[in-house]
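Beneath this line is the structure, given in structure tokens, with notes to follow.
The values are calculated or read from the model by the stated rules, or taken from the named source; none is laboratory data. Predicted, not measured: the structure shown is a model, and the values here were computed from it. We place every Cβ from the backbone using ideal geometry, glycine too, and count neighbours over all the protein chains shown.
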Amino acid sequence: MARRGFTLIEIMIATTILGIIMLTVYGVLSRALYAKNHSEDRAELYASGREVVLKIADELEGALPPTAGRNIGFIGIPGTGRTPSDAVQFALVVRRLYGVSQNRGGRALVSYSLDPMQNTRSLFALRRQEQLLTDVATDDLNADSVDEAAAAPAPVAFAAYLLDQVAGLRFRYLNPQGGEWTDSWDTTVQVPTGQPPIGLPGAVEVTLFLADSQGGVHDFSTIVDLPLYAPPPTPGVQR
């Protein structure tokens, strides 16, 4: 008796059932892989956002008061476009180990700003710049020292990009005199005679906006008090 094989219809039915099973398994695996990658990207984004915001807040907390007679102070510049692209500059004591492969520490001028990324209109890279400052004011130098200081090379500025895919950066400053928040601050502005000079803000609000791979924007913010803030003297009152 001859063996009976599979008919064409049976083969087509079996192939269809196998295809349905394979598509179902592929769909489940692809959704699980997408969820895993999405959660990892989101966790990395949140970790990076929190880390950078805390770094900025930590350095702002150590901002030095303005130095009399020198154009070095605390400057907060608001962005001009629709996207929040603020910048801040302040003096800070940088502490680090001094070695062959590492620069010495000391007083430095630190700034945070945004640089546009290539091939993207609405995304930026967060830039941190640091420049060491001399410790002696020009008024305290004699003629020979002034000539030596003028002949010495200017301190080198070191810049690094901390993050990309930044959708915005915003700073707000607390005016201790009136208790209101303002978008700009500049301690180097000349004030009218008889008025106290502008000192450090009482606090700074930092908000960083990061874009994820899906186009969503997430904000990370904190408020940091400036311990070295000193209230300005009242005009006409001797201390």
Sort out which residues of segment 102-130 are of a type outside the set (A, V, I, L, M, F, W, C), modelled with pLDDT of 90 or more and more than 12 Å from the chain's Cα centre (by Cα), and write them in order of number.
-> 116, 130
Among all residue pairs at least 6 apart or on different chains, which show Cβ distances below 6 Å where the first residue, located in segment 173-195, is touching a residue at least 12 places away in the same chain (Cβ under 8 Å) and the second is in a loop (DSSP other than H, G, I, E, B) and small (Gly, Ala, Ser)?
-> 174/202; 176/202; 187/73; 188/73
Residue identified as surrounded by fewer than 14 Cβ atoms within 10 Å (Cβ to Cβ) and closer than 17 Å to residue 75 by Cα among 206, 191, 224 | 191
Total residues in segment 172-192, condition under 21 Å from residue 85 (Cα atoms) and either of a type in the set (Val, Ile, Thr) or in contact with a Leu (Cβ under 7 Å, 6 or more places away or on another chain) (or both) = 3
Within segment 190-226, can you find the residues that are farther than 19 Å from residue 117 by Cβ and of a type in the set (D, E, K, R)?
-> 205, 225
